[in-house]
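Encoded as structure tokens, the structure appears first; notes follow it.
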Amino acid sequence: DPLSRMFGNNPFGGMLNMTKPIRLNGQPIQLDVQPRPTGAGASYWLPAENVTLSAKWNPQQMQGRVGDPLTVTLHLQAQDLTAAQLPDLASLISLPDGLKAYPDEPKLKDNPVGNELVGERDQNVALIADQPGHFTIPELKLSWWDTKTNQARETVLPAQTLVVDPAPGSQAAGAAN
């Protein structure tokens, strides 16, 4: 067998004689790690230089029928944090009775911008009503710590009202006609 002649019983045998340890040394790095401020509140911790939160609704008029999904795409962006450090926004949404949330897997992205890092989290959440009516989703408040000014901040998505009509052919749809 030509391979066993070349390597013997060890498939890496020929390479073992060619490797040599290398040791590198660098200058020490001094880190100044501050404790989490006592008034920082939320269950998650977002120390960042800037945080933005936005939502896009589909359909835009925020009206649908029972059983049909109304989708909100949540976009969270934070300067000086990785996408993996950003909280799950779907878990922060409070929903009224009669409305259920079905979040998709988030899309996480880290963008180097100059010497900074900007983490982004995009997540689609399908909202499905099991009855007709007007459903008000309360405002979504996201607390974060401004590392530039050393102050607590909030970014807020305003409350939204979804209008859900009866499904075609349902008793409620017949009563509405």
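Among the lysines, select those whose C-alpha is under 29 Å from the C-alpha of LYS107, and discard any that sit fewer than 8 residues away in the same chain.
LYS107 reaches LYS56, LYS141, LYS148.
Could you report the accessible area of ARG121 in Å², rounded to 10, computed with a 1.4 Å probe on the protein chains as they sit in the structure?
About 20 Å², rounded to the nearest 10.
Got a sec? Which residues in segment 66-96 would a label at LYS109 touch, if it sits 7 Å along Cα→Cβ and we count backbone N under 17 Å?
Under cut-off, by backbone N: 73-86.
Of all the Cα-Cα pairs you can form in segment 50-177, what percent are over 24 Å apart?
38 percent
In whole Hz, what ³J(HN,Hα) sequence does segment 24-32 give by Karplus (6.51, -1.76, 1.60; θ = phi - 60°), x for Gly and Pro?
Those phi angles translate into 10, 10, x, 6, x, 10, 9, 10, 10 Hz.
If r is the Cβ-Cβ distance from TRP57 to GLU154 and R0 is 25 Å, what FRET efficiency results, to the nearest 0.05?
0.70
Using the heavy atoms of the protein chains alone and a 1.4 angstrom probe, what is the accessible area of segment 28-177 per residue in square angstrom?
61 Å²
Loop-only check: which GluC sites (Glu not before Pro) in segment 86-177 are DSSP coil with at most 14 other Cβ within 10 angstrom?
When the GluC sites (Glu not before Pro) of segment 86-177 are filtered for loop state and at most 14 Cβ neighbours within 10 Å, GLU139 remain.
Efficiency by 1/(1 + (r/R0)^6): what FRET value for THR161 and ARG65, r their Cβ-Cβ distance, R0 = 22 Å, to the nearest 0.05?
0.90
Under the rule of at least 5 residues apart or a separate chain, name every residue whose amide H is placed under 5 Å from the amide H of VAL118.
Hits under the 5 Å cutoff: ASP80, ASN111, VAL113.
The values are calculated or read from the model by the stated rules, or taken from the named source; none is laboratory data. Keep in mind the model is a prediction, meaning the values are calculated, not measured. Every residue, glycine as well, gets a Cβ built from its backbone with ideal geometry; the counts of neighbours run over all protein chains shown. Each accessible area value is taken on the protein alone, full model and side chains, heavy atoms only, with ligands, DNA and RNA left out. Shrake-Rupley method; radii C 1.70, N 1.55, O 1.52, S 1.80 Å.
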